[in-house]
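Take a look at the structure set out below.
Just so it is clear, none of the values below were taken in a lab; they were calculated from the coordinates. Keep in mind that this is a model prediction, so the values were computed, not measured. Here the Cβ is made from the backbone with ideal geometry for all residues, glycine too, and neighbour counts use every protein chain on show.
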Amino acid sequence: MRKLLALVRRELLAYFSSPLAYVVLTAFLFVNGFVFWLIVAYLNDPRTRAMAPLRLLFGGTMYFWLLLLFVVPVITMRLLAEERRTGTIELLLTAPVTEGQVVMGKFLAAWIFYLFLWLPTLVYVGILASYATIDFGPVAAGYLGIALLGLLFASVGVFTSALAKNQIVAAIFAFAALVVVFSVGLIENLVTNPLWKNALSYMNLWDHMDDFAKGLVDTRRLIYPVSLSGFFLYLSVKALEAVKGR
Amino acid sequence: MIEVQDLTKRYFDREVVKSVSFFVPEGEVLGFLGPNGAGKTTTMRMICAYLPPTAGSVKVAGVDLAQDPLGVRARIGYLPENVALYPEMRVEEFLRFRAAIEGVPAKEVPERLAYVVDRCMLGDVQRQVIGTLSKGYRQRVGLAAALIHKPPVLILDEPTVGLDPRQIVKIRELIVELGRDHTVILSTHILPEVEQVCRRVLIIDDGRIVADGTPESLRTGFSGLSAVTVELEGADGASAAQVLGGIAGVEKVEVLADGRFQLAVRDGKAVRREVFRAAVARGWHILELSQSVPSLEDVFLRLTTREEVTGEAAAEVSYA
Ligand SMILES: Nc1ncnc2c1ncn2[C@@H]1O[C@H](COP(=O)(O)OP(=O)(O)OP(=O)(O)O)[C@@H](O)[C@H]1O
Ligand SMILES: [Mg+2]
């Protein structure tokens, strides 16, 4: 446990001492600021129906998804690829830590950094709360949805970073994989077979966020991202074991 | 302390380490010698539980690699060939991180940190960012990281490569000192280094051990032979060769040129005395009578130059 903590700590330190982290942070704030402005403008429109305003911030716009599909690969691309490129992985994996601990440490650090990116959006919640009455249940659920989504996306990023030695390649792979993971669920809207529809609804991330933003916390919305990220982390460990000497 | 049995590593269809076996007793400093690509790094990485062996077994301080790879890792301090460190970290920060993942108890960390900083002469760069250190300092940070958890075994892959001569001397002294209370395996291409630092040498070529012994025993040849060169005046080549060959202790006579002979001898001193007597008795003049012990370079080149590792050398090796 202490070893895992040390691994996470080191990784977070690496995040905050790299310029990329600040670029990502800036881009993230910029896009979310824009979305927030949209929300405010939209809500100021007298024709707007009364609705939970933060549903738009939490996955209700395409911007949200575009941002995540780009940002997460950028956060995770460095993790294992860089260790292998520079050779620091050799020193890391000759210390008494398992591949599993290394993968977990990287993953948790990426996830924590991802959550950190969302932290400033609490300001928007505060601003909205001071102008309108806000139901905090859906807000909390929305953040839970975002955190769960982060688990899933970060695990995919860790996996591609274990496979590729080159960061950019890792990022592109992660982006492609995430587009697939995101799109699979959307097929739900295209099929009519109820069996398929039911299965795909599990994987529908858009609905995942929509449910959370509405304040609906359904266990299957918890199970899908958690189990899938577990699967990707398992693959990452196997990949790391296979490629570390190369 | 380190037991290696039939260790083999195959990459695809190429065996780069071929059934290597050796034993390193506690407290020994063992030198790994071998040309580029011989398999030194690969062997060390397998012992350190980094690369899984294709076949064979390794035991470090009584811990079996196959059963408890983490236990093996915990008992070894490893300095890789290319010391890659995290450039954004400060020296002290990095050593603390290493201490944590090596499982050094939290309350022992300050003491261990002070010890390795002192041992590796890092006092003046402790707060510096690793990315800004010179190669020599980075090497020393790597060594400090290898020592932080008090490992009984040290495995150092070319520890002095890329250092200036003064640093090399210092690091060698350090290794000799560490050899007093650690079991050490180090690889190098620098032959004098081996003679200074190691009590025992393994020469590896093409994934196989081709020689094993103390530097002295390797130098005097595996068969214990040394070379005596004789130049005679007034002697007939063929008969002189016969006379020289008849002297007790001479194993082989080689005619180098007219009147010049090279003898492979067992006891150089006695043979030279007899050569002198024989020459006096026959009225020959001795123009040269010298004995040379082959350098480790000679041995190394002879053993690792592929064409020459044929019948004769192979016989010598099995003798060793
Ligand atoms: N991942 C790999 N895939 C394929 N072959 C490899 C791999 N790693 C090493 N080799 C090969 O294994 C052989 C032994 O390499 P190794 O690095 O162990 O040699 P070495 O004795 O340490 O050489 P040097 O003195 O140059 O450091 C080389 O021929 C190398 O090309
Ligand atoms: Mg090497």
Checklist entry - Once both axes come from the Cα atoms, what is the angle between helix A:62-76 and the longest principal axis of chain A, in degrees from 0 to 90, rounded to 10? => result 20
Checklist entry - Relative to the Cα centre, what is the charge dipole magnitude of the protein assembly as shown, using +1 at the beta carbon of each Lys and Arg, -1 at the beta carbon of each Asp and Glu, and rounding to the nearest 20 debye? => result 1700
Checklist entry - So how many Å³ per residue does the convex hull of the Cα atoms of segment A:155-228 work out to? => result 99
Checklist entry - What share of all Cα pairs of segment A:62-159, in percent, falls into each consecutive 5 Å distance bin? => result 2, 11, 19, 19, 15, 12, 9, 6, 4, 3, 1, 0
Checklist entry - Of the beta bridges DSSP finds with both residues in the protein assembly as shown, what % are antiparallel, to the nearest 5? => result 70
Next on the checklist: How large are Rg and Dmax for chain A when calculated on the C-alpha trace, in angstrom?
Outcome noted: 19.0, 64
Item to check | segment A:102-244 shape via C-alpha gyration tensor axes, a/c threshold 1.5 | outcome: oblate
Checklist entry - Expressed as a fraction of 2.2 N^0.38 Å, the rule-of-thumb size for a compact globular protein of N residues, what is the C-alpha radius of gyration of the protein assembly as shown? => result 1.38
Checklist entry - Looking at segment B:15-79, which chymotrypsin sites (Phe, Trp or Tyr not before Pro) are DSSP coil and have at most 14 other C-beta atoms within 10 Å of their C-beta? => result none
Item to check | Under 17 Å from residue B:135, Cα to Cα: lysines that are on another chain or at least 8 residues apart | outcome: B:170
Checklist entry - So what does the Cα-only Debye profile of segment B:1-128 read at q = 0.22 Å⁻¹, as log10 I(q)/I(0), no solvent term? => result -1.28
Checklist entry - By a straight-distance test (C-alpha under 30 Å), which lysines pair with residue B:252 as possible cross-link partners, with residues fewer than eight away in the same chain excluded? => result B:269
Item to check | Percent of Cα-Cα distances greater than 34 Å, calculated over chain B | outcome: 37
Next on the checklist: I need the fraction of alpha carbon pairs in segment B:229-282 separated by more than 13 Å, rounded to a whole percent.
Outcome noted: 51
Next on the checklist: So for segment A:106-246, if I pair up every lysine 8 or more residues apart or on another chain, how many of those pairs have alpha-carbons under 17 Å apart?
Outcome noted: 5
